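The values are calculated or read from the model by the stated rules, or taken from the named source; none is laboratory data. Remember, predicted model here, so these are calculated numbers, not experimental data. Every residue, glycine among them, receives a Cβ derived from its backbone with ideal geometry; neighbour counts consider all protein chains shown. Remember, those area values only see protein heavy atoms, side chains included, never the ligands or the DNA or RNA. Shrake-Rupley method; radii C 1.70, N 1.55, O 1.52, S 1.80 Å.
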Amino acid sequence: MLTKKQHELICFIHDRLAESGVSPSFEEMKDALELKSKSGVHRLISALEERGFLRRLPNRARALEVVKMPERIEPRRATAQSQALKRAMPEPANDVVEIPLHGRIAAGMPIEAFEGSTSLPVPAALLGSGEHFALEVAGDSMVEAGILDGDYALIRRTETARDGEIVVALIDDSEATLKYFRREGAMVRLDPANRSYDPQRYSPAQVRVQGKLAGLLRRYD
């Protein structure tokens, strides 16, 4: 039974001999196996000789002969379960993705929806599944929820929301606001997180949920 590095080396030598008829140099073998020094290559070759896979030809520089080959290790096919686990794993914290930045959104009275469009680099670890976009917060009506003027609200696109969730609500297809979403009888109530502001009430036909708050980015100047 060969180690992983022994297997990689015998396969590399075999393939190089088949391709050019010349054994690879120790430097090439070191680089191919990502070893730190040539002494590691010497140890691997000696181990392959002892196991009868490789033979050095006397009186010839860089002369190696592959005596026998181990079975090629084929990569295992990913099962549906392993693929699902991979999808469920969070993104590495240092990965950055670009998401659309659609402009400013009111955390006070509604302002014109989605002014302009550019992109914003965001750590992937802040985002979950789904499609996301960002909006710059304008106003202070959500300060008690920790959302400050100038923050970037990271929004996951959705058209539905449960009571108590912070949403981007599009009002009369022209103005957008960031508020807590609640149903109040036959009306939709959009609640601020600032005692200085009053709730806003609309008929369901006036309000379309555009997404839910997924995270925040804040700049410190």
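Filtered by the rule that a residue be open to solvent by 30 Å² or more (accessible area, probe 1.4 Å) and either out of contact with any Phe, Trp or Tyr (no Cβ under 8 Å at 6 or more places or on another chain) or aliphatic (A, V, I, L, M) (or both), region 32-46 gives ALA32, GLU34, LEU35, LYS36, SER37, SER39, ARG43, SER46. Scanning region 4-26 for residues that are over 15 Å from PRO70 (Cα atoms) and either modelled with pLDDT of 85 or more or in a loop (DSSP other than H, G, I, E, B) (or both) turns up GLY21, VAL22, SER23, PRO24, SER25. Against the numbered list (1) among the hydroxyl-bearing types (Ser, Thr, Tyr); (2) at pLDDT 90 or above; (3) over 16 Å from PHE181 (Cα atoms); (4) surrounded by fewer than 18 Cβ atoms within 10 Å (Cβ to Cβ), THR160 comes up short only at (3).
Would you check if there is a residue in region 120-141 being under 18 Å from TYR202 (Cβ atoms) and at pLDDT 90 or above? The answer is yes, given that some residue of region 120-141 is under 18 Å from TYR202 (Cβ atoms) and at pLDDT 90 or above. The requirement of being modelled with pLDDT under 85, farther than 30 Å from SER174 by Cα, surrounded by 12 or more Cβ atoms within 10 Å (Cβ to Cβ) and out of contact with any helix residue (DSSP H, G or I) (no Cβ under 6 Å at 6 or more places or on another chain) is not satisfied by ARG77. Of all residues assigned to region 199-213, at least one qualifies as being over 26 Å from GLY130 (Cβ atoms) and of a type in the set (Ser, Thr, Tyr).
GLU49 fails exactly one of the following numbered conditions: (1) in a helix (DSSP H, G or I); (2) surrounded by fewer than 17 Cβ atoms within 10 Å (Cβ to Cβ); (3) touching a residue at least 24 places away in the same chain (Cβ under 8 Å). What is the number of that condition? Among (1) in a helix (DSSP H, G or I); (2) surrounded by fewer than 17 Cβ atoms within 10 Å (Cβ to Cβ); (3) touching a residue at least 24 places away in the same chain (Cβ under 8 Å), GLU49 violates only (3).
Kindly indicate the residue of region 13-31 that is open to solvent by 50 Å² or more (accessible area, probe 1.4 Å) and within 18 Å of LEU2 (Cα to Cα) and also nearest to the chain's Cα centre (by Cα) among those meeting that condition.
Of the residues in region 13-31, the ones open to solvent by 50 Å² or more (accessible area, probe 1.4 Å) are 14-16, 18-22, 26-28, 31.
In the following step, the residues that additionally are within 18 Å of LEU2 (Cα to Cα) were identified as 14-15.
Working: HIS14: 38, ASP15: 36 Å.
Ranking the qualifying residues of region 13-31, first place goes to ASP15.
Condition test on ILE171, is it touching a helix residue (DSSP H, G or I) at 6+ places or on another chain (Cβ under 9 Å), of a type in the set (Val, Ile, Thr) and open to solvent by less than 40 Å² (accessible area, probe 1.4 Å)?
Values: touching a helix residue (DSSP H, G or I) at 6+ places or on another chain (Cβ under 9 Å): yes; of a type in the set (Val, Ile, Thr): yes; open to solvent by less than 40 Å² (accessible area, probe 1.4 Å): yes.
Yes; evaluated as a whole, the condition is true for this residue.
Select from region 27-44 the residues that are assigned to a helix (DSSP H, G or I) and either under 18 Å from ARG56 (Cβ atoms) or touching a residue at least 24 places away in the same chain (Cβ under 8 Å) (or both) and list them in ascending order. So that I can check it myself, show each step before the final result.
If we filter region 27-44 for residues that are assigned to a helix (DSSP H, G or I), which is where we start, we get 27-32, 38-44.
Of everything in region 27-44, those that are assigned to a helix (DSSP H, G or I) and either under 18 Å from ARG56 (Cβ atoms) or touching a residue at least 24 places away in the same chain (Cβ under 8 Å) (or both) turn out to be GLU27, GLU28, MET29, LYS30, ALA32, LYS38, SER39, GLY40, VAL41, HIS42, ARG43, LEU44.
Taken over region 185-218, the criterion of being out of contact with any strand residue (DSSP E or B) (no Cβ under 6 Å at 6 or more places or on another chain) and surrounded by fewer than 12 Cβ atoms within 10 Å (Cβ to Cβ) is satisfied by GLY185, ALA186, ARG195, SER196, ASP198, SER203, ALA205, ARG218.
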